[in-house]
Amino acid sequence: MKIISKDQFVYAMSKDSPAVEHVADGEVFAFDTMDAFSNQIVSETDFFESADWSTVNPATGPVFVDGAKPGDVLVVEILDIDVGNTGVMVAVPNMGAMGHLVDRSESKIIYIKNGFALFNENIALPLDPMIGVIGVAPSGEPVPNGTPDCHGGNMDTKVIRKGNRIYLPVNVDGGLLALGDLHAVMTDGEVGICGVEVGGRVTVRVSTIKNRKLETPIVESKDHWYVIGSDIDLDSAVKFTLDQTHLFLSARLPLSTNEICMLMSLICDLQISQIVDPKITCRMAIQKTPLAKYSLSF
Ligand code: CA
């Protein structure tokens, strides 16, 4: 199995980034990743002061998927996520949704042991590793890895985890897949500006679906489809995500536009992924069970 080194990384998703590896359609391979701070915070006397979103979130890659063409969809199955044994968190005045409550810059080392992240001697949190940054190159200008958008990027969405698959629109030849910014633990909102930031290894299988229109990433789990939308503020992200969910369902169900609107109030949960990045990300969780008789597929 190919393992892409964490030393081969990008700070932006760009069509001009040279591929560091080629993989075949259907291939299983792995990415080794640094943490969101490029492994620069190793003690509680190292601080994250930068508000520069262009030098955070190194993403390992990009990887060229042979045969992937603009207009296709790239399917990334997340087979495994292993995280390292030391994570880090930061608090920075005036950054994030709660920066007004942060009275000084602080870094906190979080040890990871026996499947738990140890916040302090009394709070041990079960690991639930997820991928903060995953995406492909956009067709236009590069997008820094601090920002989520229709190409993926810094979606900080906790359902991007082991066992699930993510569908991404291919915008350039080979897709140019990159990922990083693993979190050992993170809850919806990411209100404190980070999760337990950690390096690790992500094992994936990639494949393509030819000639399929997709405007924004979609995640599939055993029980749900998640339509993911990012925009400049929460209201805009919600509106975009609802419209994309309506499109997704309309294309797959023999129901009227009004019935789809009604159904979305009954089987879809609107959830907030993160409110701290340069664009805000939310998602619509579509329950699969009520639609079982329609055998929805991507
Ligand atoms: Ca992130």
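Bear in mind these aren't lab numbers, they're just calculated from the coordinates by the rules spelled out. Owing to the predicted nature of the structure, the values given are computational and were not obtained by experimental measurement. With ideal geometry, Cβ positions are generated from the backbone for all residues, glycine too; neighbour counts draw on all protein chains shown.
Applying the criterion of being buried (at least 17 other Cβ atoms within 10 Å of the Cβ) and part of a loop (DSSP other than H, G, I, E, B) to the residues of the stretch 85-100, the residue that is farthest from the chain's Cα centre (by Cα) is VAL92. Among the conditions (1) within 16 Å of the ligand (Cβ to nearest atom); (2) over 11 Å from GLY199 (Cα atoms), ILE81 misses just one, which is (2).
Would you check which residues across the stretch 12-39 are buried (at least 19 other Cβ atoms within 10 Å of the Cβ) and within 16 Å of the ligand (Cβ to nearest atom) and list them? Within the stretch 12-39, ALA12, MET13, PHE31, THR33, MET34, ASP35, ALA36, PHE37 meet the criteria. When the stretch 237-253 is filtered for residues that are within 14 Å of LEU270 (Cβ to Cβ) and of a type in the set (S, T, N, Q), the ones remaining, listed by number, are THR241, GLN244, THR245.
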